[in-house]
Amino acid sequence: MSLPNTAKPRAIGQILFEQGFGTRRDCAGLVAAGHVSLQGRKLDDPFEAFEPEGLSLTVQGQPWQCHEKALVLLNKPAGFECSQKPKHWPSVLMLMPPPLRRRGVQPVGRLDQNTTGLLLLTDDGALIHRLTSPKHHVPKVYEVQCDREVDDAQVQRLLGGVVLDDDPEPVRAEGCERTGERALRLTLVQGKYHQVKRMVAAVGNHCTGLHRSRFGALSIAPDLQPGQWAWVDGLAAILGEAQTQSAPGRPKPTAAPSGGSERSERGGSASPR
Ligand code: URA
């Protein structure tokens, strides 16, 4: 499959189309109607050409950072399913802005309806495969509330490995620490169905609340509210290998990874169009 050459200048109408702003005709219409500007300059020619990657546009009053592949971090609230065809609750895709929905972003793995916290979404199928493949072992950190006291024996069993009902091979936590009388921090490198809840049940406790606080090197910036999302700068940011410098002209990054460097930028919450 040949990908568009992001270094090659393209017509702004075509760029908006590739970013998910509607049909080619819609996108040309947005420009011709004066709804698109670049660094304060209103554009009026749908054929004016730009290099798309990293272009900071304003489309119908909303800032938009162009990315060939979309990769975003959502601070998932409770009450949303990670499915395209949700059964009982709205889909997390409803929290994405329409351009990202049109581009077909998908959650990277799943969080349960009542789990909150860090969820990645992307339209890059190869990246989803890379991040969900058990071969690659990207650590995910969960803050777990339990309904009974957490004791040392439970922590040791979670670290040593427990057998779940669908697989004779034990699964073990990469990290496990008690963070309160009835609270745990668990680090997992696999992503089995209801894994945290089943592991906690396997050691005789019960999970009453679950929040994912880290995915690889990423964590949720304190000002990214539940339901809001932020751009992430590619796989390198997730693996903690990104450059620490932000590209010029980008908005203030808000979903900062651990370690203090800034590798993602503010997206916002879903807005119309
Ligand atoms: N483990 C669970 O049990 N639920 C989640 O949502 C994520 C991990």
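The values are calculated or read from the model by the stated rules, or taken from the named source; none is laboratory data. Note that the structure is predicted; figures quoted are calculated from it, not measured. Positions of Cβ are generated from backbone atoms using ideal geometry, with glycine treated the same way; all protein chains shown enter the neighbour counts.
Where in segment 67-153 are there strands (runs of 3 or more DSSP E), lying fully within it, with 1 or more residues that are among the aliphatic types (A, V, I, L, M) and under 23 Å from Leu57 (Cβ atoms)?
Values: elements: 71-76, 116-122, 140-146.
In segment 67-153, 71-76, 116-122 are the strands (runs of 3 or more DSSP E) which contain 1 or more residues that are among the aliphatic types (A, V, I, L, M) and under 23 Å from Leu57 (Cβ atoms).
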Mind listing just one residue for me: the one in segment 126-150 that is in contact (Cβ under 8 Å) with a residue 12 or more places away in the chain and exposed (fewer than 13 other Cβ atoms within 10 Å of the Cβ) and, of those, farthest from Pro98 (Cα to Cα)? Glu149
It is to be established whether one or more residues within segment 247-267 are at pLDDT 95 or above, assigned to a strand (DSSP E or B), under 14 Å from the mean Cα position of the chain (by Cα) and not hydroxyl-bearing (Ser, Thr, Tyr). no
Restricting segment 177-195 to residues that are more than 12 Å from the ligand (Cβ to nearest atom) and among the charged types (D, E, K, R), the one nearest to Ala217 (Cα to Cα) turns out to be Arg185
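Which members of segment 215-225 meet the condition of being more than 13 Å from the ligand (Cβ to nearest atom) and surrounded by 16 or more Cβ atoms within 10 Å (Cβ to Cβ)? Even if it seems obvious, please write down each step before you answer.
Within segment 215-225, the subset more than 13 Å from the ligand (Cβ to nearest atom) is 216-225.
Gly216, Ala217, Leu218, Ser219, Ile220, Ala221, Leu224 - these are the residues of segment 215-225 that are more than 13 Å from the ligand (Cβ to nearest atom) and surrounded by 16 or more Cβ atoms within 10 Å (Cβ to Cβ).
Check Leu158, Leu121 and return the single one that is modelled with pLDDT of 95 or more, of a type outside the set (Gly, Ala, Ser) and under 20 Å from Leu74 (Cβ atoms).
Within the list Leu158, Leu121, the selection yields Leu121.
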Leu119 being within 16 Å of the ligand (Cβ to nearest atom), surrounded by 17 or more Cβ atoms within 10 Å (Cβ to Cβ) and farther than 23 Å from Val92 by Cα: no
